[in-house]
Amino acid sequence: MIDASYAPRTAAWQALSQQATVLSGISIESLFDSDPGRFDSFSIDGPGLLLDFSRQRLDAQAVSSLLDLADRTGVARRIEQMFAGEPVNNTEDRPALHVALRRPADRSLPVEGSDVMPFVEAERARMRALADELEDGALRGYTGEPIADVVNIGIGGSDLGVVMAVRALSEYRNPDVGMHFVSNIDGVELAHVLERVAPATTLFVICSKSFTTLETLTNARVVRAWLAARGGDAAVAAQCVAVSTNTEAMDEFGIAPDRRFAIWDWVGGRFSVWSAVGLALALAIGWRNFEAMLAGGHSMDEHFRHTPFERNLPVMLALIGIWNRNFLNAGSHAVLPYDDHLSRLPAFLQQLEMESNGKSVRRNGEPVECPTCPVVWGESGSNAQHSFYQLLHQGTDPISIDFLLPAESGVGRQAQQDLAAANCLAQTLALAAGDQPGAQDSPHRHYPGSRPSSLLLFERLDPATLGRLIALYEHKTFVQGVIWDVNSFDQWGVELGKRLASGLEGAVSGESPDGEPTAIAGALDRLRGLRPRQTR
Ligand code: F6P
């Protein structure tokens with residue numbers, strides 16, 4: 001059967017291809033010259049955020065074709081399916097209901113006839129109780145001393161969102177509690193953290209949806225032994241809390257029943273910072289601020305669900321991405337926040353977008369017929385300017401860009417934030433307009449311009465704004481997945497490497513009895529020869 005609603009087969013796709021050919025020959029500057037009202041027509045005010053996409057290589061006709069593409073690929077219907085708890089994660093036959101996690105408790109959300117909100121609210125109440133206890137100085141370790149440090153042990157979706165948000169909201173943090181993160185398998189972070197914290201006053205949050213992840217369990221076992229050696233089982237019981245769907249594994253690990261926090265299969269790891277996976281964040285910033293972040297996320301959900309597409313921030317952000325990726329051939333997308341608080345946002349978005357949409361197979365199992373997720377990367381400005389902007393201005397490959405800019409300094413240094421803003425706007429201008437070289441100018445000094453970017457502008461980076469930003473990118477990712485017709489909620493591509501790694505553990509330290517895969521046999525042999533002698 002011909003699937004006429006698959007994006008590359010729609011009339012809108014054909015129209016966009018033609019429009020891209022025309023627009024590729026028109027400079028961004030001349031788009032401004034021919035339309036003095038361009039900023040008004042190519043910017044959207046959403047909840048607490050302005051999206052200015054006037055410096056994209058787009059005209060009204062191309063925007064209208066992009067909106068047509070969204071209609072023809074069924075974006076509206078799929079949004080409703082997601083909010084209704086239908087199994088939009090089709091390869092795992094599950095809903096993707098992260099929107100429930102930031103929904104007010106009194107607004108029911110029935111999934112297959114049963115309301116999920118009481119479960120969500122019960123877990124919120126338990127998180128709040130722990131966060132309040134810590135804030136009041138009433139949360140104590142095995143010796144009775146108050147907890148002074150929190151260590152989150154988790155990786156991927158059980159780490160990146162929390163790390164990013166704790167950094168983003170560092171001005172809202174409880175100054176009496178040190179925050180630490182351990183994710184990597186190699187033991188480096190763990191070694192450094194254990195040097196810095198005291199056994200009697202440190203709470204460990206073991207965060208793993210599956211509770212089977214090698215990195216997290218390896219680090220958590222070291223911590224359990226470290227605590228037990230100092231305070232026995234009482235220390236482990238008092239100072240280890242866990243967040244997981246896997247009750248049996250938490251039992252086996254020795255997590256006390258009142259120290260367990262639930263999440264659910266219908267929350268994807270990279271969409272989970274709103275749930276108990278965000279426990280370390282709630283402990284760091286206190287419940288009131290965590291709740292404000294949830295409310296910010298919810299306001300973006302409402303905007304996403306109820307706003308016509310042409311004024312809908314996540315939908316338009318997704319469509320601009322589709323335009324750059326599929327029609328202007330941008331294989332990479334840079335995220336450049338002009339606020340150091342957001343320095344970990346690019347890393348968070350890498351998982352969100354690339355793990356969700358880095359796929360070559362459609363939802364029905366057929367191969368895709370167009371490029372999907374670009375490589376996502378970035379760094380906070382102005383560090384990034386002094387690192388890789390050379391390539392943005394004069395490199396050979398098309399790259400799409402989101403600049404993010406708060407107007408207000410989060411640290412009371414407004415003059416410096418104004419300098420950051422001047423730099424941010426100067427870069428967007430230089431990229432878009434380039435320069436007009438004089439006849440005598442060296443080609444090395446020429447800036448071609450017409451390098452597109454969007455700007456997300458907001459008043460200040462507070463918990464609500466951060467919630468809106470995260471939800472914005474989550475929904476952008478979902479909409480792009482709908483248009484590319486990939487399942488944004490699974491991640492089968494990460495499994496093979498995990499399986500192979502567990503088979504190679506022994507081979508690194510000794511010969512493997514069944515021989516070694518030829519592609520790595522030479523490297524393994526050299527590695528064994530280079531390992532410290534005493535361990536060979
Ligand atoms: O390997 C990728 C992944 O499965 C991510 O999707 C997930 O966020 C991460 O591992 C951690 O998983 P868990 O929370 O189950 O430890």
Reduced Cα scattering model of region 493-535, Debye log10 I(q)/I(0), q = 0.17, 0.22 Å⁻¹: -0.50, -0.77
Cα gyration tensor, region 255-353 - rounded (a/c under 1.5), prolate or oblate: prolate
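I want to verify the translational diffusion coefficient of region 431-536 in µm²/s; compute it with Stokes-Einstein, Rh as the Kirkwood radius over Cα pairs, at 10 °C and 1.306 mPa s.
Working: Rh = 20.6 Å.
Translational diffusion coefficient: 77 µm²/s.
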Most positive-pole-ward Cα, Pro110, Ser299, Pro337, against dipole of the chain from beta carbon charges: Pro337
Highest-first arrangement of 315-321, 54-60, 416-422, where packing means the average Cβ count within 10 Å: 315-321, 54-60, 416-422
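Go ahead and estimate [θ] at 222 nm for the chain from helices alone: -39,500 (n - 2.57) per DSSP H run with n ≥ 4, summed, over the residue count, rounded to 500. Intermediate values should be presented prior to the final figure.
Details: 20 runs with 237 residues, N = 536.
Theoretical 222 nm ellipticity from helices: -13500 deg cm²/dmol.
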Listed residues Val120, Val188 arranged by accessible area, highest first, probe 1.4 Å: Val188, Val120
Lysines with Cα under 22 Å of Lys209, excluding same-chain neighbours fewer than 8 positions away: Lys498
For region 493-535: accessible area per residue (Å², 1.4 Å): 79 Å²
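Which order do peptides 91-103, 360-372, 496-508 fall in by mean Cβ count within 10 Å, highest first?
Put in order of decreasing packing, that is 91-103, 360-372, 496-508.
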Cα lying deepest toward the dipole's positive end in the chain, options Leu58, Ile44, Gly395, charges on Cβ: Gly395
Span-like helix ranges in the chain, DSSP H, alpha carbon extent 27 angstrom or more, Kyte mean at least -0.5: 414-433, 463-484
Rg/Rg_globular for the chain, with Rg_globular taken as 2.2 N^0.38 Å and Rg from C-alpha atoms: 1.03
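Calculate the translational D of region 112-289 in whole µm² s⁻¹ from Stokes-Einstein, where the hydrodynamic radius comes from the Kirkwood formula applied to all Cα pairs, the temperature is 4 °C and the viscosity 1.567 mPa s. Don't jump to the answer; show the numbers that get you there.
Working: Rh = 16.0 Å.
Value of D from the Cα-based Kirkwood radius: 81 µm²/s.
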Whole-angstrom gap from region 145-180 to region 62-85, using each part's C-alpha centre: 37 Å
Sequence of Cys373, Cys240 when ordered by accessible area, the most exposed leading, probe 1.4 angstrom: Cys373, Cys240
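Sort 300-310, 147-157 by packing, meaning the average of other beta carbons within 10 Å per residue, with the highest value first. Present the calculation step by step, with values, prior to reporting the outcome.
Details: 300-310: 17.5, 147-157: 23.5.
In descending order of packing, they fall as 147-157, 300-310.
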Equivalent ellipsoid semi-axes, region 87-209, via Cα gyration tensor eigenvalues times 5, rooted, Å: 31, 20, 13
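Roughly to the nearest percent, how much of the accessible area of the chain is carbon and sulfur, given a 1.4 Å probe?
Numbers: 11880 of 22930 Å².
Of the solvent-accessible surface of the chain, carbon and sulfur hold 52 percent.
The values are calculated or read from the model by the stated rules, or taken from the named source; none is laboratory data. Source: prediction; values computed, not measured. In this analysis, Cβ positions are derived from the backbone assuming ideal geometry, glycine residues included, and neighbour counts consider all displayed protein chains. In case anyone asks, the SASA skips ligands and DNA or RNA and just uses the protein heavy atoms, side chains included. Shrake-Rupley method; radii C 1.70, N 1.55, O 1.52, S 1.80 Å.
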